[in-house]
Structure formats: C-alpha cells, structure tokens
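Data block below; observations after.
The values are calculated or read from the model by the stated rules, or taken from the named source; none is laboratory data. Keep in mind it's a predicted model, so treat the numbers as computed, not measured. Note: ideal-geometry Cβ built from the backbone for every residue, glycine included; neighbour counts use all protein chains shown. Calculation scope for accessible area: heavy atoms of the full protein, side chains included, ligands and nucleic acids excluded. Shrake-Rupley method; radii C 1.70, N 1.55, O 1.52, S 1.80 Å.
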Amino acid sequence: LLVLVADGIDAQLLGIVAPRVMEDFGVDRGTFGIAMSAALVGFGLGSWGGGWLGDRIGRRWTLALSTLVFSLATVGAGTAGDVVQMAGWRLIGGLGFGAAYANALSMANEWLPLRWRSVAVSTLSVGTPLGGSIVAWFVPDLEAQYGWDGTFLIVGMATISVVIAVLLVL
C-alpha cells in the first residue's frame, strides 16, 4: 500500500504544479499536454512490462525496481528545462508507476489466503488515488518554499526511502 500511495503522490505531482511549470517553460496548456499525458502512456507500457518482469525476476524485486524507476524519474523531472524533457521523464516515471501497480496487486493476490484476497486487492487499489489526495495537501506549501523543481526533488527522494522499506520488509 505504501508503494501505491507513493505512486499516486509522484504520478499526480505534475498536475498540482503544472501552472508554475508552464509559466517557467513559457508554453500554453495545449503544448504542455504532451508532458501531462506521457505518464499515462508509460503507465500502460509499464503495467504490461512490469507483469512480464515480475514473472521473470520475482514480484518483490520488480516492485523495488519499479519504485526506484519512478522515484528517480520524479527527481529527473525536477531538472527538466522544457516540455520535451519533462515528457521524457514522465514517460519513464509512468513505466515505473504501471509496473509497481501491477506487481503490488499481483503480490497480494498470490500471497494472501483466498478469503483475504478480494479485500486486499480492493484496499491496494485505493493507494494510488489516496496518494493523489495526499499530494494535493502538502505540495502547494512545498512549491511555495522550494519551487516546483525543488518539490520534485523532495518527493522523489522521499520515495527512494520506500524502495528501502520494500527491500527490508517484503
């Protein structure tokens, strides 16, 4: 659940800071749409690829790797200087988002007894939207203090700690 909450935080971060990023890049909403949609494309590809990778190297390692990918992509997005760079980082982040989601749900389905599976999978499915709600609470303050680029760095680095938790706990 913690990975999926972090997934939601990182995935929704750009939507919260988008007006400031568009202003800094000097682009309109239509042009910035490529950066906003890139994570969704990556999510779809990452779900497919993450399922395949989870079957090959194991769900735990794939979950840790995918979380590392989206956390580093979030840090990288903070260095973007234009829409194309931002879209590239968001595409990479989306690969991690999708792979993490697919493997977290699969792990719960495989590890838990049959009577708990539906409850666990339903509960985990709430993690990503919950992360999107959480990011809306604290990111405006972070952005005011550290700018949009500093906010990406802080959120991405915090997510790296989730990778450590996955490796230690699972």
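Listed values, structure above:
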quantity	calculated
Tally of residues being among the hydrophobic types (A, V, I, L, M, F, W, C), assigned to a helix (DSSP H, G or I) and surrounded by fewer than 19 Cβ atoms within 10 Å (Cβ to Cβ) across segment 155-170	8
Restricting segment 1-14 to residues that are assigned to a helix (DSSP H, G or I) and open to solvent by 40 Å² or more (accessible area, probe 1.4 Å), the residue that is nearest to Leu68 (Cα to Cα)	Leu2
Positions within segment 79-93 being surrounded by fewer than 24 Cβ atoms within 10 Å (Cβ to Cβ) and either more than 24 Å from Leu142 (Cα to Cα) or in contact with a Gly (Cβ under 7 Å, 6 or more places away or on another chain) (or both), in sequence order	Val84, Leu91, Ile92
Only one of Trp116, Trp52, Trp48 that is open to solvent by 70 Å² or more (accessible area, probe 1.4 Å) and either of a type in the set (Ser, Thr, Tyr) or in contact (Cβ under 8 Å) with a residue 40 or more places away in the chain (or both)	Trp48
Residues satisfying the stated conditions in segment 119-146, i.e. without any contact (Cβ under 8 Å) to a residue 60 or more places away in the chain, open to solvent by less than 40 Å² (accessible area, probe 1.4 Å) and over 15 Å from Leu1 (Cα atoms)	Leu142
Selection count, segment 27-45, where residues are surrounded by 22 or more Cβ atoms within 10 Å (Cβ to Cβ) and either outside any helix (DSSP H, G or I) or over 14 Å from the mean Cα position of the chain (by Cα) (or both)	1
Residues satisfying the stated conditions in segment 16-26, i.e. assigned to a helix (DSSP H, G or I) and either open to solvent by 40 Å² or more (accessible area, probe 1.4 Å) or under 12 Å from Tyr101 (Cβ atoms) (or both)	Ile16, Pro19, Arg20, Glu23, Asp24
Pair list, Cβ < 9 Å and 6+ apart or interchain, from segment 4-31 residues that are without any contact (Cβ under 8 Å) to a residue 40 or more places away in the chain and under 14 Å from Met86 (Cβ atoms) to residues that are open to solvent by 40 Å² or more (accessible area, probe 1.4 Å) and among the polar types (S, T, N, Q)	Met22/Thr31
Residue in segment 101-110 that is touching a Gly at 6+ places or on another chain (Cβ under 7 Å) and touching a residue at least 60 places away in the same chain (Cβ under 8 Å) present	no
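Yes or no, residue by residue, for (1) open to solvent by less than 10 Å² (accessible area, probe 1.4 Å); (2) over 16 Å from Thr128 (Cβ atoms); (3) part of a helix (DSSP H, G or I):
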residue: Trp61; (1), (2), (3): no, yes, yes
residue: Leu68; (1), (2), (3): no, yes, yes
residue: Leu72; (1), (2), (3): no, yes, yes
residue: Gly76; (1), (2), (3): yes, yes, yes
residue: Leu95; (1), (2), (3): no, no, yes
residue: Gly98; (1), (2), (3): yes, no, yes
residue: Asn103; (1), (2), (3): yes, no, yes
residue: Ser106; (1), (2), (3): no, no, yes
